[in-house]
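What follows is one structure encoded as structure tokens, with my remarks underneath.
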Amino acid sequence: MAGPRILVVEDEFSISEPFSRLLAREGFDPVVAPTVSEALDEFTRQRPDLILLDLNLPDGDGRDVAREVRRESEVPIIMLTARGTETDRIVGLEIGADDYVVKPFSSAEVIARIRAVLRRAPAGEEEEAAEDREPLEVRGLRIEPASRKVLLDGEELDLSRKEFDLLAELAYASGDVVTRDELMSRVWDENWFGSTKTLDVHVGWLRKKLDDDAADPRWIETVRGVGFRLADPNA
Ligand code: CA
């Protein structure tokens, strides 16, 4: 019986060939697509359970693949990015990728990420329970878990799924610090053990959307080495 189908969008044969063999050995069902057009064809034809997506492809940009896929599917996407291209990572996550790994990556790390991302999709019961929470209002900030809406001074904010989850975790902690580990396990995955840089990236976006200043926060305070908290509602 074939395991989860993984679409590997990667034009470098020296990466895709050994990696897809490893995926097969680990019980996955790999499909390789070396171009944007083949990736979109295979996505439609094979309905993968997860997409590993390289950014630089011979006929275009991996982000275009992600955008197209996101029009019709919430399938998990892990971006493969070149080392040191911070903006690539940010844009990758912004367009709806679930995670990224930096090249050159270790196969073991990518397989662990794939397993982690697959475990948390689709939304489990725990997540539904979180959405049963009562709406919360902190100063001008209103969070409505049932509809996953956030309003700031009456204006709806356009938050990604992760940004919403992150903000909700902080808001429902009622001014207590939420540790980095807690945020990683609740918003990303319970067995997370990799880099937590993605957390800082998402906090950065959330601040931007809240028009908040990390140096003088109105909303999200950094508790250095520990985690984050929503600034004291009574302060
Ligand atoms: Ca490439």
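The values are calculated or read from the model by the stated rules, or taken from the named source; none is laboratory data. This is a predicted model, so every value here is computed, not measured. No Cβ is skipped: glycine too gets one built from the backbone with ideal geometry, and neighbour counts run over all protein chains shown. Heavy atoms of the whole protein, side chains included, go into the accessibility calculation; ligands, DNA and RNA do not. Shrake-Rupley method; radii C 1.70, N 1.55, O 1.52, S 1.80 Å.
Given their separation in residues at 0.36 nm each and the Cα-Cα distance between them, SER185 and ARG224 gain 12.2 nm when the chain is fully extended. Among the protein heavy atoms, those of PHE164 account for about 10 Å² of accessible surface (1.4 Å probe, every chain in place). Accessible area of SER174 (1.4 Å probe, protein heavy atoms only, ligands and nucleic acids ignored): about 90 Å².
Computed from label points 7 Å out along Cα-Cβ, the spacing between THR35 and LYS149 is 4.5 nm. With every protein chain in place and a 1.4 angstrom probe, the accessible-area ranking of VAL101, VAL32, largest first, reads VAL32, VAL101. Given +1 at the Cβ of Lys and Arg, -1 at the Cβ of Asp and Glu and no other charges, the dipole of the stretch 134-212 around its Cα centre is 200 debye to the nearest 20. For ALA82, nonlocal amide neighbours, meaning residues 5 or more places apart or on other chains whose placed amide H falls under 5 Å from its own, are LYS103. ARG113 contributes about 20 Å² of solvent-accessible surface, heavy atoms of the protein only, 1.4 Å probe. In this structure, the pairs whose alpha-carbon distance is over 19 Å, taken from LYS149/LYS209; LYS103/LYS208; LYS162/LYS209, are LYS103/LYS208.
On the protein heavy atoms, probe 1.4 angstrom, tell me the percent of accessible surface of the stretch 125-230 carried by carbon and sulfur.
Of the solvent-accessible surface of the stretch 125-230, carbon and sulfur hold 43 percent.
Heavy-atom accessible surface of the stretch 125-230, averaged per residue, reaches 55 Å², computed with a 1.4 Å probe. The residues of the stretch 5-120 expose, per residue, 45 Å² of accessible area to a 1.4 Å probe.
Label separation (TYR172 vs ASP61): 3.6 nm, computed from points 7 Å beyond Cα along the C-beta direction. Can you give me the relative contact order of the stretch 125-230 as a percent, contacts being Cα pairs under 8 Å and 6 or more apart? Reported as a whole number, the value is 22 percent.
Count the DSSP beta bridges whose two residues both fall in the stretch 5-120, then state the antiparallel fraction as a percent rounded to the nearest 5. Write down the numbers at each step before the final one.
Details: 2 of 19 bridges.
Around 10 percent antiparallel, to the nearest 5.
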